[in-house]
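Step one of this worksheet: look at the structure below.
The values are calculated or read from the model by the stated rules, or taken from the named source; none is laboratory data. Worth saying up front: this structure is predicted, and the values here are computed from it rather than measured. A quick note on method: Cβ atoms are made from the backbone with ideal geometry, for glycine too, and the neighbour counts reach across all protein chains shown.
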Amino acid sequence: MRLVLASCCAPCSSGAIKQLADGEIAGVDDFIVLFYNPNIFPNDEYTKRMNEQIRYCNTLGVKYAVGDWDHDAWRNAVRGLESEPERGARCDACFAYRFAYARDFAIKNGYNAVASVFGVSKHKDQSQVDAAARRALGEIEYIPIRWDESLRQSINRASNFYRQNYCGCEFSFRKTPQMALVGINSCEMGSGEL
């Protein structure tokens, strides 16, 4: 199995990446970490999370890809759902949007399965994440791995990861940041280098 791991941030993905890097997930022959999170706002926040993800992947010598940050396209995908609560219809649309990108990335790059850490946070619903993945992935297999939470917590205690206090989108903290957006327009792939 060639697996794409859809990741939201280093603190949530650290245990999963370590398990995959150490060969602890049966049947996975190759994997890449995909950081595609146009939901994260503002751009400064996105950049911090992206850099932490890249730093952790580089530390382990793990392949990664960074998709385009197109917040306007994401906003269009969740239009009309801005007032929904966390774990509501907006989150469902957000997960499906990001899984559709993971599907297209997998097909384009020769991967045949997708897993994610989108449900690791206590603020998210794993069954909602799983349902969105199954709807969005089409012919790409979804692998609903239950990651080792104690490993993730241990890595996080020992790390100096940048940690955020909200999901990432501006609607999860219910106020509009005043910071300017600076677009990131290129897709980057690496395996220890940016």
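Things to note:
- Candidates 166, 162 - the one that is more than 24 Å from residue 60 (Cβ to Cβ), in a loop (DSSP other than H, G, I, E, B), aromatic (Phe, Trp, Tyr) and touching a helix residue (DSSP H, G or I) at 6+ places or on another chain (Cβ under 9 Å): 166
- Restricting region 92-109 to residues that are without any contact (Cβ under 8 Å) to a residue 60 or more places away in the chain and of a type outside the set (Gly, Ala, Ser), the residue that is farthest from residue 125 (Cα to Cα): 108
- Of all residues in region 101-123 being under 13 Å from residue 33 (Cα atoms) and of a type in the set (S, T, N, Q), the one that is surrounded by the fewest Cβ atoms within 10 Å (Cβ to Cβ): 109
- Within region 61-74, residues that are closer than 13 Å to residue 36 by Cα and touching a residue at least 40 places away in the same chain (Cβ under 8 Å) sit with their Cβ atoms under 7 Å from residues that are among the β-branched types (Val, Ile, Thr) and in a helix (DSSP H, G or I), at 6+ positions apart or across chains, in these pairs: 64/54.
- Residue within region 36-45 that is assigned to a helix (DSSP H, G or I) and among the charged types (D, E, K, R) present: yes
- Hits in region 70-86 - residues which are surrounded by 13 or more Cβ atoms within 10 Å (Cβ to Cβ) and modelled with pLDDT under 95: 84, 86
- Qualifying residue in region 141-156 (condition: modelled with pLDDT of 95 or more, buried (at least 16 other Cβ atoms within 10 Å of the Cβ), within 20 Å of residue 35 (Cα to Cα) and under 14 Å from the mean Cα position of the chain (by Cα)): no
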